[in-house]
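Nothing in this text is a laboratory measurement; each read-out follows from the coordinates by a stated rule. Since the structure is predicted, the reported quantities are computational estimates derived from the model, not experimental observations. Glycine also receives a Cβ, built like all others from the backbone with ideal geometry; neighbour counts cover every protein chain displayed.
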Amino acid sequence: MRGRRLAALGAAALLALAAGCGDDDDGGAAGDGATAEPFALSSSAYGMADPIPARFTCDGDDVSPPLAWTAPPEGTASLAVLMDDLDAPGGTFTHWTGWDIPGSATGLEEGEGAPVQGTTDFGTTGYGGPCPPPGEEHRYVLTLYALDDDLGLVEGADREEFDAALEDRTLGRTTLIGTFTRGGG
């Protein structure tokens, strides 16, 4: 069940990427017909489908990259962040979950966590940077969710709790995909 859900999330991220390549400027809010700037996630450290600098990985300082985003959909009360490795040997690997970011926020500074953070697949709380096996290039998807309310989860909640809390609260989402290859392969 988790595998199918994760595959669906990966497919959704790729569809979001493809949708972001078009000229559609509906702001990402379904059916609102507005011509506002699309809800978009970016980083000053790397661009879409670019390599993630080692500073933000296990080969560097292992700090989260700086993130910025455009205005989320109307009605956004809070934001949540997720980072997954789509190419991990055992299936999708969660590197970061964070939530209860104020809906009025426009970004996170380098190394700044969300107000509340979950447990990664490393077994730690907070950001855990890319760390693929040496010589393998992996894709990392950062997803920012616009939510109609706080998630109401406690610090250290696991990925299943995070996913369940997102249901019926998500107003929109945007992604940033980066790659990383460790040396030594």
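Worth pointing out:
- Each Lys and Arg contributes +1 and each Asp and Glu -1, all at the Cβ; summed about the Cα centre of the stretch 87-185, the dipole is approximately 400 debye.
- Under the convention that each Lys and Arg Cβ holds +1 and each Asp and Glu Cβ holds -1, the size of the dipole of the stretch 80-133 around its Cα centre is about 100 debye.
- Quick note on the stretch 41-138: its Rg to Rh ratio, both from C-alpha atoms and Rh being the Kirkwood radius, is 0.97.
- Gyration tensor verdict on the stretch 47-101 (Cα atoms; rounded if a/c is under 1.5, prolate if a/b is larger than b/c, oblate otherwise): prolate
- Other residues with beta-carbon under 14 Å from the beta-carbon of Ile177 carry, at +1 per Lys or Arg and -1 per Asp or Glu, a net charge of -3.
- Working note: Karplus 6.51/-1.76/1.60 with θ = phi - 60° gives the stretch 118-128 the couplings x, 7, 8, 6, 6, x, 10, 9, x, 6, x Hz, where Gly and Pro are set to x.
- Once you reduce the stretch 169-185 and the stretch 80-135 to the center of their Cα atoms, the two points are 10 Å from each other.
- Per-residue Cβ neighbour rank within 10 angstrom, fewest leading, Tyr140, Tyr46, Tyr145: Tyr46, Tyr145, Tyr140
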